[in-house]
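Right, one structure below, let's go through it.
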There are 2 protein chains.
Amino acid sequence: MKFQSLYSFLKTDIDLIERELEQAIYSRSPIIYNSSLKLLQAGGKRIRPIFVLLAAHFGNYDIGKIKNLAVALELIHMASLVHDDVIDDSDIRRGKPTVKAQWDNRVAMYTGDYLFARSLEYMTKLENLEVHKVLSDTIIEVCIGEMVQMKDKYRFDQNLRDYLRRIKRKTALLIAASCQLGAVASGAPPHICKKLYHFGYNVGMSYQIIDDVLDFTGTEKQLGKPAGGDLLQGNVTLPVLYAMEKPGLREAIYTVNEKTSQKDIKRIIEQIKQSDAIQRSNNLSQRYLDRAIAILDDLPDNKAKKSLKEIAKYIGKRKY
Amino acid sequence: MKFQSLYSFLKTDIDLIERELEQAIYSRSPIIYNSSLKLLQAGGKRIRPIFVLLAAHFGNYDIGKIKNLAVALELIHMASLVHDDVIDDSDIRRGKPTVKAQWDNRVAMYTGDYLFARSLEYMTKLENLEVHKVLSDTIIEVCIGEMVQMKDKYRFDQNLRDYLRRIKRKTALLIAASCQLGAVASGAPPHICKKLYHFGYNVGMSYQIIDDVLDFTGTEKQLGKPAGGDLLQGNVTLPVLYAMEKPGLREAIYTVNEKTSQKDIKRIIEQIKQSDAIQRSNNLSQRYLDRAIAILDDLPDNKAKKSLKEIAKYIGKRKY
């Protein structure tokens with residue numbers, strides 16, 4: 001089943017958002033325009049805009065108004081991607097060279113700043129200060145998360161709680177905000193906005209865990225980048241944490257640092273894949289997903305609720 | 001005459017802003033907090049907050065409200081400084097090691113993002129969407145300016161217009177916005193807000209030209225960093241543009257690139273200092289300043305107007 005078919009009634013509106021995004025990044029400065037355009041054209045599922053539009057169906061759905069929020073959230077996501085690529089030293093994302101690789105870290109940094117500023121511009125069009133407040137709080141947490149992630153690299157004495165807090169900031173918060181704000185901006189009742197926030201949070205947690213699992217189990221073709229990159233860069237993800245509960249494997253993982261050879265890393269990755277770490281990680285992801293779906297049960301029935309449920313299920317099964 | 005004495009009636013309020021800034025950058029994340037705190041403690045004249053408070057005197061002055069704007073503008077300025085230091089590869093600013101030098105480019109990047117996000121948070125407290133709009137437009141222009149500045153490095157076939165547009169984005173726009181928004185947020189009449197914008201723009205242009213002159217004429221002690229850094233980094237500033245009108249000197253300047261020796265650069269800098277380029281640059285700066293002061297004449301008389309005038313005059317005479 002194609003992902004797009006899960007929200008087919010939104011097709012016209014999602015196409016509109018795509019065109020708005022193209023307009024939003026337009027700049028007379030050719031470097032900044034080209035680097036942003038490359039990033040936009042590299043694609044992505046546009047999960048944040050989709051969640052904004054779906055959540056907006058729980059209030060008075062007005063695409064002319066809500067589109068600005070959807071664009072703003074995708075721009076923030078794009079900005080964080082460019083800045084992340086600087087941090088991760090990534091040369092490839094979604095099978096394409098990163099901004100940082102095609103130009104340099106400096107272009108990547110200012111492209112990110114530019115996209116942040118553009119996103120602020122779109123937020124302003126919305127004329128809703130509660131939305132601004134939630135969003136600035138979210139960005140602050142995301143930034144703190146990035147710093148913590150940097151600090152925690154190659155630190156193997158972490159626990160599950162450290163990991164969960166990190167992926168909350170890295171992924172779940174912005175998805176939660178997308179769901180919540182789509183509803184807030186459409187005037188949905190507060191208890192519904194809150195439920196949607198928790199739905200987004202749980203979906204986001206599940207999504208990031210699967211991402212972290214796929215980094216081990218996916219092929220280079222599926223991932224659009226070489227597998228095992230997380231461990232190589234010292235990111236201690238859930239499969240690593242679970243694998244470290246095995247004596248022997250624990251000691252091997254502790255030896256990993258910036259200088260570990262590709263061959264040694266590959267051997268450790270194979271061992272992690274053969275342990276129960278992958279299955280246990282998938283189980284935890286599924287638990288978040290089940291919780292997300294259970295939250296939906298409390299929401300009024302409509303086509304958006306049906307879509308949210310199907311998207312959640314799809315995320316649980318995704319292979320890339 | 002001490003700079004602080006030019007706005008002594010604001011002392012209590014400026015002290016309050018300083019404490020608010022200390023609170024604003026507080027974060028549970030020690031790296032982000034330490035890097036922001038270092039930046040804050042490195043000082044600076046706090047020109048943007050001062051202009052916000054002075055401009056606010058043309059409306060209903062309410063420090064409880066206006067302080068959020070003053071803090072937001074200083075945070076944006078600080079964010080742009082950290083990101084600039086990455087671009088410029090600067091290891092020293094105001095006589096202290098930069099964030100980039102003490103930690104690394106990545107910490108500098110996220111510290112900047114964090115400060116941007118905090119500034120957005122303070123803007124939201126203000127509950128005025130026009131202010132948000134002006135500010136996002138300003139940040140977009142500042143970002144574009146940074147990209148253009150990068151692209152224009154070591155490009156000596158520039159003209160005065162290129163330079164003026166660059167320093168407008170680099171410095172004048174945010175100072176203009178500080179003056180304008182202080183008035184807007186205090187409910188001053190639109191024609192006064194506009195005048196204050198133009199005052200800030202002209203002061204900002206003058207300020208940056210003097211900065212660019214001091215980079216040639218200042219001592220290392222005055223500048224808090226080695227002199228001549230701009231030319232060394234390929235920044236084509238006003239003294240360079242004027243000096244290039246001299247045959248001989250023009251050819252020498254055109255040879256400058258990343259690999260030019262310190263000795264050759266020093267020789268060229270000496271020649272620029274001995275040409276009329278410095279005097280001509282000072283003259284242009286003075287013209288902007290005269291215009292700024294003339295604009296003030298149209299504003300209603302009050303103690304803020306007197307302060308703005310004295311600050312403008314002080315800027316014309318500053319030696320660091």
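The values are calculated or read from the model by the stated rules, or taken from the named source; none is laboratory data. The structure displayed is predicted, hence computed values, not measured ones. Don't worry about glycine lacking a Cβ; one is built from the backbone with ideal geometry, like all the others, and counts go over all protein chains shown. To get the accessible areas, we keep the full protein, side chains included, count just its heavy atoms, and leave off ligands, DNA and RNA. Shrake-Rupley method; radii C 1.70, N 1.55, O 1.52, S 1.80 Å.
Remarks
- Test: residue B:46 is more than 18 Å from residue B:311 (Cβ to Cβ) and open to solvent by 20 Å² or more (accessible area, probe 1.4 Å): no
- Residue among A:176, A:183 that is more than 12 Å from chain B (Cβ to nearest Cβ), open to solvent by less than 10 Å² (accessible area, probe 1.4 Å), more than 17 Å from the chain's Cα centre (by Cα) and over 30 Å from residue A:257 (Cα atoms): A:183
- Taken over segment A:216-263, the criterion of being charged (D, E, K, R) and either touching a Leu at 6+ places or on another chain (Cβ under 8 Å) or open to solvent by 60 Å² or more (accessible area, probe 1.4 Å) (or both) is satisfied by A:220, A:221, A:225, A:245, A:246, A:250, A:251, A:258, A:259, A:263.
- Of all residue pairs spaced 6 or more apart or on separate chains, those with beta-carbon atoms under 9 Å, a first member in segment A:140-162 that is under 15 Å from residue B:36 (Cβ atoms) and a second member that is open to solvent by 20 Å² or more (accessible area, probe 1.4 Å) and not in a helix (DSSP H, G or I) are A:144/B:28.
- Of the residues making up segment A:288-304, those that are in a helix (DSSP H, G or I) and in contact (Cβ under 8 Å) with a residue 40 or more places away in the chain number 8.
Yes/no matrix, rows are residues, columns are (1) at pLDDT below 90; (2) away from chain A (no Cβ under 14 Å); (3) open to solvent by 10 Å² or more (accessible area, probe 1.4 Å); (4) out of contact with any Lys or Arg (no Cβ under 6 Å at 6 or more places or on another chain):
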position: B:12; (1), (2), (3), (4): no, yes, yes, yes
position: B:64; (1), (2), (3), (4): no, yes, yes, yes
position: B:92; (1), (2), (3), (4): yes, yes, yes, no
position: B:108; (1), (2), (3), (4): yes, no, no, no
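- Filter pass, residue A:68 being more than 22 Å from the chain's Cα centre (by Cα) and either of a type outside the set (Phe, Trp, Tyr) or open to solvent by less than 10 Å² (accessible area, probe 1.4 Å) (or both): no
- Checked against (1) closer than 21 Å to residue B:144 by Cα; (2) within 14 Å of chain B (Cβ to nearest Cβ), residue A:38 meets all criteria but (2).
- When segment A:148-173 is filtered for residues that are within 10 Å of chain B (Cβ to nearest Cβ) and open to solvent by less than 50 Å² (accessible area, probe 1.4 Å), the ones remaining, listed by number, are A:148, A:149, A:150.
- Flag for residue B:282 being of a type in the set (S, T, N, Q), surrounded by 15 or more Cβ atoms within 10 Å (Cβ to Cβ) and at pLDDT 90 or above: yes
- Test set (1) on the phi < 0 side of the Ramachandran plot; (2) surrounded by 18 or more Cβ atoms within 10 Å (Cβ to Cβ) - residue B:301 fails condition number: (2)
- Residue in segment A:163-175 that is at pLDDT 85 or above and small (Gly, Ala, Ser) present: yes
- Qualifying positions in segment A:110-127 - more than 7 Å from every other protein chain (Cβ to nearest Cβ), over 19 Å from the mean Cα position of the chain (by Cα) and closer than 15 Å to residue B:121 by Cα: A:123
- Each residue in segment B:252-287 was checked for being in a helix (DSSP H, G or I) and either of a type in the set (A, V, I, L, M, F, W, C) or on the phi > 0 side of the Ramachandran plot (or both), and 9 pass.
- Criterion: over 22 Å from the mean Cα position of the chain (by Cα) and at pLDDT 90 or above - qualifying residue of A:254, A:197: A:254
- Residues satisfying the criterion are absent from segment B:128-147 (criterion: in a helix (DSSP H, G or I), surrounded by 16 or more Cβ atoms within 10 Å (Cβ to Cβ) and more than 14 Å from chain A (Cβ to nearest Cβ)).
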